[in-house]
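> Attaching a single structure in structure tokens format; questions to follow.
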Amino acid sequence: MQRLLVPNRGSRVKLLGPSWRTAREKLLGMIRGDYQLIAVIGRAGTGKTTLLLSLEDMDDGILMYADMTEVRDRDLPAIMSTVVADNMHIVREIQERLRRAGVKGILKAFAKAGPDEVIESARLRPMETLKLLNDAVELLGMAPLVIGIDEGLLSQDDTRAMDFINALHAFRNNMRAIPSTRIITTLLPDVVNLISKIDTPLFDILRLGAITLPDYVTKEDLEEVIQEYGLGEAELSKIDALGPLTMRQLICLINTKLDTTKCGIDTAGEITIE
């Protein structure tokens, strides 16, 4: 149900509402300001995925977005092999440019590798593969390389949470080796809380590059979304009367003609997130 209510890769993403455009500007500022490990924090339905996908039309750099929702593991090999597999068209473009540039050495070998070889390399040697991508985009003038890791709805109670935290720690430890790379990950607040308890060095880095999305849309956000979808005051009043809504719930209501059941909204006053 959740993935039915978020944008698909390749579809045009338009951020609606001043709250979310402000978050995007802050995110772009961090990318340009050499923040290498960035966390987009928010509860379910706040628009973390939409914010990540909105970076596909960045003026500078390239986005390699990895959807971890259907991936079984959350360790570093799983993350990097997913990054490569989900963005093979970008990898192939980088390889073609490297071949045209006549590169030598290890980058030449990387440029000649087939898709399966690159994915296997990312699984067996994740950080080495990431460094190759980093060095390639630097050489080709395509930097920064933005890796967007959309980990789905991983909570602190998930047994894979520690693997994911260890992967983030590995990125932290190797930032000097990949200076043109930005790692952006989506996180639920409870996972951030877990990191603060068990991995202080990682938490200190994430805290510097954290963007927290608002739990609910504001009045201004609501009015803009209603206007964008061509609805009137009657629909605005009905939606406003439902109480606080996440952005996902608001878009769901509009797309389902105010079907509160499908959108996980308790009209008695409580809002539930599936």
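The values are calculated or read from the model by the stated rules, or taken from the named source; none is laboratory data. Remember, predicted model here, so these are calculated numbers, not experimental data. All Cβ positions, even for glycine, are placed from backbone atoms using ideal geometry, and neighbour counts span all protein chains on display. Only protein heavy atoms, including side chains, enter the accessible area calculation; ligands, DNA and RNA are left aside. Shrake-Rupley method; radii C 1.70, N 1.55, O 1.52, S 1.80 Å.
> Across the range 151-166, which residue is farthest from T186 (Cα to Cα) among those that are open to solvent by 40 Å² or more (accessible area, probe 1.4 Å) and hydrophobic (A, V, I, L, M, F, W, C)?
Per the stated criteria, the residue is M162.
> Out of the residues in the range 228-237 that are open to solvent by 70 Å² or more (accessible area, probe 1.4 Å) and in contact (Cβ under 8 Å) with a residue 12 or more places away in the chain, state the one that is farthest from P18 (Cα to Cα).
Per the stated criteria, the residue is Y229.
> Do we find a residue being in a strand (DSSP E or B) and either closer than 23 Å to M127 by Cα or at pLDDT 95 or above (or both) anywhere in the range 16-25?
Scanning the range 16-25, I find no residue that is in a strand (DSSP E or B) and either closer than 23 Å to M127 by Cα or at pLDDT 95 or above (or both), so the answer is no.
> Among the helices (runs of 4 or more DSSP H) lying completely within the range 58-150, list those that include at least 3 residues that are more than 21 Å from D34 (Cβ to Cβ), open to solvent by 70 Å² or more (accessible area, probe 1.4 Å) and not acidic (D, E).
Here the list reads 88-101, 105-112.
> Among D259, D240, which is the only one that is of a type in the set (D, E) and open to solvent by less than 60 Å² (accessible area, probe 1.4 Å)?
The unique qualifying residue is D259.
> Considering only residues that are open to solvent by 60 Å² or more (accessible area, probe 1.4 Å) and farther than 16 Å from L258 by Cα, which ones fall in the range 215-227?
The answer is D215, Y216, K219, E220.
> Within the range 37-47, which residues are modelled with pLDDT under 95, buried (at least 21 other Cβ atoms within 10 Å of the Cβ) and not small (G, A, S)?
Selection gives T46 alone.
> Against the definition (under 30 Å from P179 (Cβ atoms), modelled with pLDDT under 95 and either touching a Gly at 6+ places or on another chain (Cβ under 6 Å) or small (G, A, S) (or both)), how does L52 come out, yes or no?
yes
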